[in-house]
1. Using +1 at the Cβ of each Lys and Arg and -1 at the Cβ of each Asp and Glu in the protein assembly as shown, identify which of B:F133, B:V58, A:S108 lies farthest towards the dipole's positive end.
2. Any chance you could list the semi-axes, whole Å, largest first, of the equivalent ellipsoid that the Cα gyration tensor gives for the stretch B:1-67, using √(5λ)?
3. Sorted from shortest, what are the nm distances separating the label point of B:A31 from equivalent points in the other copies, each placed 7 Å from Cα along Cα to C-beta?
4. Which distances, shortest first and in nm, link A:P77 to the matching position in the other copies, using label points set 7 Å out along Cα to C-beta?
5. Using only Cα atoms, find the angle between the long axis of helix B:110-121 and the longest principal axis of chain B, and express it within 0 to 90 degrees, rounded to the nearest 10.
6. When all alpha-carbon pairs of the protein assembly as shown are counted, what percent fall beyond 26 Å?
7. Return the FRET efficiency for the residue pair A:S78, B:H50: r is the Cβ-Cβ distance, R0 is 35 Å, and the value is rounded to the nearest 0.05.
8. Which translational diffusion coefficient, to the nearest whole µm²/s, is obtained for chain B from the Stokes-Einstein equation, given a Kirkwood hydrodynamic radius over C-alpha pairs, 20 °C and 1.002 mPa s?
Protein chains: 2
Amino acid sequence: MPPTPAPIVTALENRGHRLTRPRRRVAELLADRSGAFSAADLLGDADRRHVPIGRATVFRALELFTDLGLLERIDLPSGDHAYVVCDAAHHHHVVCRNCARSVEVADSGLQSVVSEIGRRSGFQIDTHRLELFGLCPDCR
Amino acid sequence: MPPTPAPIVTALENRGHRLTRPRRRVAELLADRSGAFSAADLLGDADRRHVPIGRATVFRALELFTDLGLLERIDLPSGDHAYVVCDAAHHHHVVCRNCARSVEVADSGLQSVVSEIGRRSGFQIDTHRLELFGLCPDCR
DNA sequence: ATTTTTGCAAATCATTTGCATATAT
DNA sequence: ATATATGCAAATGATTTGCAAAAAT
C-alpha cells in the first residue's frame, strides 16, 4: 500500500477528521495526478487501477479536501468543473488547455487590482477567483 | 407584447440568426433581470409570468446569447453556473453574494498582472477569468 | 462504546438530444 | 420555398441522498 501524503494526514488530523482507508486511497490518486482533473477523471483512475472506492465517497473526499484547502475547485472555460491540488495558501492557477497541466501562481499585483475594483464599484469584495488558461511551455 | 431590446436584435441580425418569438421572449426576460441569474431562474420567470417557452429553447437561447457576447457565463463560489448580462466587450463582473446584483468592471491593471503571470510561469496565456464576489453598496 | 464514514442504489438536478412540426427569412 | 428554430419528452451526466453496515477513534 503506497504511503499517504503527509500534508493530507496532518490536515485531516488538525480538523478532527478520520484518516480512513478510502480517504487515503483518494489521497494517493491525487498524488499521482498532475494538473487539473475532474471527479470523473479520478473515478476513472480508481477503476483502471482497481482501487475500490465508492463513487459517493470520492465526491465526499473531494469536497472535504477542498474545504481543507488541499484542493481548489476551478471551472474550465468549457464550464466543466475541475480540481487542482494546492500547495500554498492564496494563489491562482494557470491551466494548460492542451494537457491540463497546472501551476500555482503568486498574487503578483492582483491584490491592488482587486482593491481598485472595490473602490470603483462600491462593493465590499470578499472573494475573487482568477483563472488563467493557455498553453504550458511544453505544449506551446 | 413588450419591446425586444435593440442590442439583441442587432446582434442576432449581424450574425444571421433569426429573430424568433421565443428568442424575443428570452430577451425580454433578460431585460427585466438585474444581476446574476441561473438558467433555472429564467425558467422560473417564464413560468411565473406565464410566458410559454420550452425549456430546451431557453437553454439554447442562453448559449446563443453567450456566443454573441450578450451574456457571460460565470461560476458562483458555490460552483453553480450563472449568467450576467454584458454591455462592454472585455470586462469582469462583481457579484453581490446577497442580492446577486452585478456590475461590470474595467480591466483596471489586470492586463499587466496577466502578462506578469505569463512571463513567470512560461505559459502562453490565452484566456483569463476574474470573478469577484462580495456585498454591493446596498447590502453592506 | 460511540461517532463518523462508507458503499450501494435510488433520487435529484441541470443540461442536452432526437425528431416531427412550425416559423422566419 | 427552404433553412432554421421550436417544443416535447426522453436521454444523459454529474452529483447527492438515505440508510444500514463497517471502521476509526
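Taken together, the values in this text are just the output of simple stated rules run on the coordinates, not laboratory data. Please read these numbers as outputs of a predicted model, since none were measured by experiment. Because the Cβ atoms are built from the backbone with ideal geometry, glycine has one as well, and the counts that use them run over all protein chains shown.
1. Comparing the listed Cα positions along the dipole, B:V58 ranks first.
2. Ellipsoid half-lengths, sorted descending, are 18, 12, 12 Å.
3. 6.0
4. Taking the point 7 Å beyond Cα along Cα→Cβ, the inter-copy spacings are 2.7 nm.
5. Rounded to the nearest ten degrees, it is 60.
6. Roughly 53 percent, once rounded to a whole number.
7. That gives a FRET efficiency of 0.55.
8. 129 µm²/s
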